[in-house]
Protein chains: 6
Amino acid sequence: MSRLTHLDEKGHANMVDVSGKAVTTREATAQAVVKMLPETLHMISAGEHKKGDVLAVARIAGIQAAKRCSDLIPLCHPLMLSKVSVELTPKPESDAVLILATCKLAGQTGVEMEALTAASVAALTIYDMCKAVDKGMVISEVKLLEKRGGKSGHWQVNP
Amino acid sequence: MSRLTHLDEKGHANMVDVSGKAVTTREATAQAVVKMLPETLHMISAGEHKKGDVLAVARIAGIQAAKRCSDLIPLCHPLMLSKVSVELTPKPESDAVLILATCKLAGQTGVEMEALTAASVAALTIYDMCKAVDKGMVISEVKLLEKRGGKSGHWQVNP
Amino acid sequence: MSRLTHLDEKGHANMVDVSGKAVTTREATAQAVVKMLPETLHMISAGEHKKGDVLAVARIAGIQAAKRCSDLIPLCHPLMLSKVSVELTPKPESDAVLILATCKLAGQTGVEMEALTAASVAALTIYDMCKAVDKGMVISEVKLLEKRGGKSGHWQVNP
Amino acid sequence: MSRLTHLDEKGHANMVDVSGKAVTTREATAQAVVKMLPETLHMISAGEHKKGDVLAVARIAGIQAAKRCSDLIPLCHPLMLSKVSVELTPKPESDAVLILATCKLAGQTGVEMEALTAASVAALTIYDMCKAVDKGMVISEVKLLEKRGGKSGHWQVNP
Amino acid sequence: MSRLTHLDEKGHANMVDVSGKAVTTREATAQAVVKMLPETLHMISAGEHKKGDVLAVARIAGIQAAKRCSDLIPLCHPLMLSKVSVELTPKPESDAVLILATCKLAGQTGVEMEALTAASVAALTIYDMCKAVDKGMVISEVKLLEKRGGKSGHWQVNP
Amino acid sequence: MSRLTHLDEKGHANMVDVSGKAVTTREATAQAVVKMLPETLHMISAGEHKKGDVLAVARIAGIQAAKRCSDLIPLCHPLMLSKVSVELTPKPESDAVLILATCKLAGQTGVEMEALTAASVAALTIYDMCKAVDKGMVISEVKLLEKRGGKSGHWQVNP
């Protein structure tokens, strides 16, 4: 098993040197799931025009969070994302909203953290907007689904 | 069931008016769980001094994220936290790190989102620092455990 | 005519001392107008569900900008807004979107700049989302409409 | 008329993929105009050394705002500006300050929003610093004047 | 000697609970000194109008940094400064610029860090603006001069 | 002696155009020294596991500050650091902590300010965490030690 790259030989945290890495196109997709009461899901997903804003606000929050990832996660490198998309899909069969976030750039370091941060913050935003009616919502299954590019190449979560 | 307070009668999102609310002491505790490979958990929790930094970095990231909550979650009110604590406990029996975040203030609005944001960002930071050795880590059970203060008073998650 | 309060007797800019001011409820409403081609206005305001996102994104951007006002405007005091609302209304008769932003708090300093910043950033966001089809859009009539509270009391723009 | 590029086929807002775009030198100039009472203009523009700070503060605020554009405008890409300049010119003949902001970079996406944001925030800063003596100031004619670079090439506002 | 309040009994860093503290008026003054070549000092302090901007920019940078203190210093509480002033005085006798920063608020926690941060960032800004002609500048004597308010009351540096 | 590059011919501050500069690998190392009481130094450096957090928190604060440099220092260009490291070494012989910060990137502009900002904020964080026991701490000798890359090439402080 390799070592934790963010710690030097003394165990001190540092932002690792990526200047020797190749600039390649990198892409990552992460997910988060927000479980809620069936009534809550109905309120935010019902076709009714009026409720459309909950998912729109969460989408924007996720996109903006991806751009602030290096500000939030101490050892992340600042980077210039060339694409961020956040999709939110109500899943009535499991009383949940499924969030998929994809980030992309041409750079020296991967965008896994950006995708995970986007998915997490979109999920937190749904919690915020619905907490008045459903404090028991749970965010779970926040994980990386797939990544491409970089030295380690293609990686995909086990099905 | 009450309505989503963040949406007005047209379904438009707005930051709700809390100026009529009483200033009371408010406190909230939230959790997040990071599941990982047993070897990863061993690397970050082994008593060895050298590895101590992973949990210390995640703790700091969580504290700072609590302070930035209103910047990340679009409809959260800015507020002046009087306390933030983030505790990270390795749970070898479940191959996981348990994160507990507590926030407190005297104000007109609750601190649930601050506690949830602190726990989520601490979890994301653990992912970041260990992803070189374990891309399959999963963040789950992100939820509010307890809140005190405000009009709705004491609330606790169902055991 | 009174002097510029942000400059001291040497003409140096400083954040003025408001600690002697009374804590009162303060509210301010500002506007901005975005003029565009009739086709552009049609694209973003047509009742069609699909286009709803432009105004929703601008609304969120305006709300978040109000919270960041003291970060953007060098001599503004940090403050804890208790309410922010941003309303965007298509005005087909003048080929424009009218933006009204209202901010509120109980504090020692007014919220005019927060309302003006919210309206401006909402307007810039509309520009951003439509610039691919209409680079000639113009933002105008950005002004304070009304303020309440504080020593100077009620103020309203001349009709 | 082309479609709104920030909305996908479902009308959902996303940060568009620019990774296929060429890296070219891009430059944009935008303006804003702040109309005020003649006495206010006199106070900030009089040759007197003491008043010099108002325009200097507005210039700095505009420059810093250009750098924060992707943080303020939800769907803007983060980018590395290679130049920002903000010029403020008192126009006694029209009781106004004219603000010109120019941004430049070599990148995959244009800098129109950065220039417009710089001009707008410089204008808001003038309002802030003079509002104690002139609450009726109006910001207008915020618009793109010219852009160069990118696929769409040179564009200039109609005279 | 008392213990380090930012560390709990396990040595873990946390943002300490100030909710039990009294709200009092608190004020702090800190300094920084920037030593430079005599020619550099002459360039930025000569009465000539043209050079006025260096000190004006440093003053603004210091004021804005005070407002961002809790964002920069991990365990600082967010707070609402009611006053920030930054004064920069060329000291030809010692080839230096003396920076004095004063912060004030009514709150539950002191403003020493805000004053120290304002002084430090103003000093760094001078370095930035003059580094093309003088890379050897040194920032020194960054220290708290005086504080008032709070449980520990008045404190002054030893002369 | 060359002129101050951040000021134009009118003495106005602007972010200088670096688009014509070559992209080279640039690296800079800066230092800061925090002087304190011998007891304070003992508390934070004693081998005891429990106190380890003070230096870990300061290290993280320094790294994050490097990433925010262009946000703090008005005329700094935004840039994408490829490496940041901050080392803190207790120096019992001089009752001080020595801080060394190194930043690196491939870009068109140097990273001196990033290294100086990292060292300064790490020093301020030590002050914050120890101020309850030692208000008289002094930060000094904040200076650039060495830089490489760019047109001006290698530069090293005089010994």
Aspartates and glutamates with Cα under 20 Å of A:Lys21, excluding same-chain neighbours fewer than 8 positions away:
A:Asp8, A:Glu112, A:Glu114, B:Asp128, F:Glu27
Assume the label is 7 Å from Cα along Cα to beta carbon: what separations in nm does B:His42 have to the matching positions in the other copies?
3.9, 5.1, 6.9, 6.9, 8.2
Spatial separation of Cα centroids for the stretch D:12-35 and the stretch E:80-99, in angstrom:
39
When the Cα centres of the stretch D:109-157 and the stretch C:119-146 are compared, how far apart do they sit, in Å?
10
Residue and distance (whole Å) for the chain F Cβ nearest the axis that superposes F on A:
F:Met80, 4
Modelled label reach - D:Val23, point 7 Å along Cα→Cβ, the stretch D:57-81 residues with backbone N closer than 20 Å
D:77-81
Calculated label separations, D:Ser94, copies of the chain, 7 Å along the beta-carbon direction, nm
1.9, 5.0, 5.9, 5.9, 6.6
Please report the buried accessible area for the interface of A with B, total over both chains, probe 1.4 Å, in Å² to the nearest 100.
4900
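Go through E:Lys135/F:Lys143; D:Lys104/D:Lys147; C:Lys83/D:Lys35 and tell me which ones have a Cα-Cα distance over 18 Å in this structure.
Details: E:Lys135/F:Lys143 9 Å; D:Lys104/D:Lys147 10 Å; C:Lys83/D:Lys35 29 Å.
Among E:Lys135/F:Lys143; D:Lys104/D:Lys147; C:Lys83/D:Lys35, the Cα-Cα distance tops 18 Å for C:Lys83/D:Lys35.
Please go through the stretch C:23-120 and write out the GluC sites (Glu not before Pro) that DSSP classes as loop and that have at most 15 other C-beta atoms within 10 Å.
On the way: sites: C:Glu27, C:Glu39, C:Glu48, C:Glu87, C:Glu93, C:Glu112, C:Glu114; in loops: C:Glu48.
Loop-located and lightly packed - C:Glu48.
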Mind grabbing the base-10 log of I(q)/I(0) for the stretch D:39-145 at q = 0.23 Å⁻¹? Debye formula, identical points on the C-alpha positions, no solvent, two decimal places.
-1.21
Summing -39500 (n - 2.57) over every DSSP H run of at least 4 residues in chain C and dividing by its residue count gives a helix-only mean residue ellipticity at 222 nm, to the nearest 500 deg cm²/dmol, of -9000 deg cm²/dmol
Tilt of helix A:112-130 relative to the longest C-alpha principal axis of chain A, in degrees (0 to 90, nearest 10)?
20
Report, for E:Trp155, each distance to the same residue's label point in the other copies, shortest first and in nm; define the point 7 Å along Cα→Cβ.
3.7, 4.0, 4.0, 4.6, 5.6
Kindly identify the protein assembly as shown as rounded, prolate or oblate by the Cα gyration tensor criterion: order the square roots of the eigenvalues as a ≥ b ≥ c, call it rounded if a/c is under 1.5, otherwise compare a/b with b/c, prolate if a/b is larger, else oblate.
rounded
Would you kindly state the longest site-free stretch of chain B, with sites defined as trypsin sites (Lys or Arg not before Pro) in a DSSP loop (not H, G, I, E, B) surrounded by at most 12 other Cβ atoms within 10 Å?
B:11-150
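In the stretch C:1-140, carbon and sulfur make up what percent of the accessible area (probe 1.4 Å)? Please list the in-between numbers first.
Working: 2250 of 4290 Å².
Accessible surface attributable to carbon and sulfur in the stretch C:1-140 totals 52 percent.
The values are calculated or read from the model by the stated rules, or taken from the named source; none is laboratory data. Here the structure is a predicted model, which is why all the values come from computation and not from measurement. Note: ideal-geometry Cβ built from the backbone for every residue, glycine included; neighbour counts use all protein chains shown. Ligands, DNA and RNA are stripped out before the accessible areas are found, and what is left, the full protein with its side chains, is counted by its heavy atoms. Shrake-Rupley method; radii C 1.70, N 1.55, O 1.52, S 1.80 Å.
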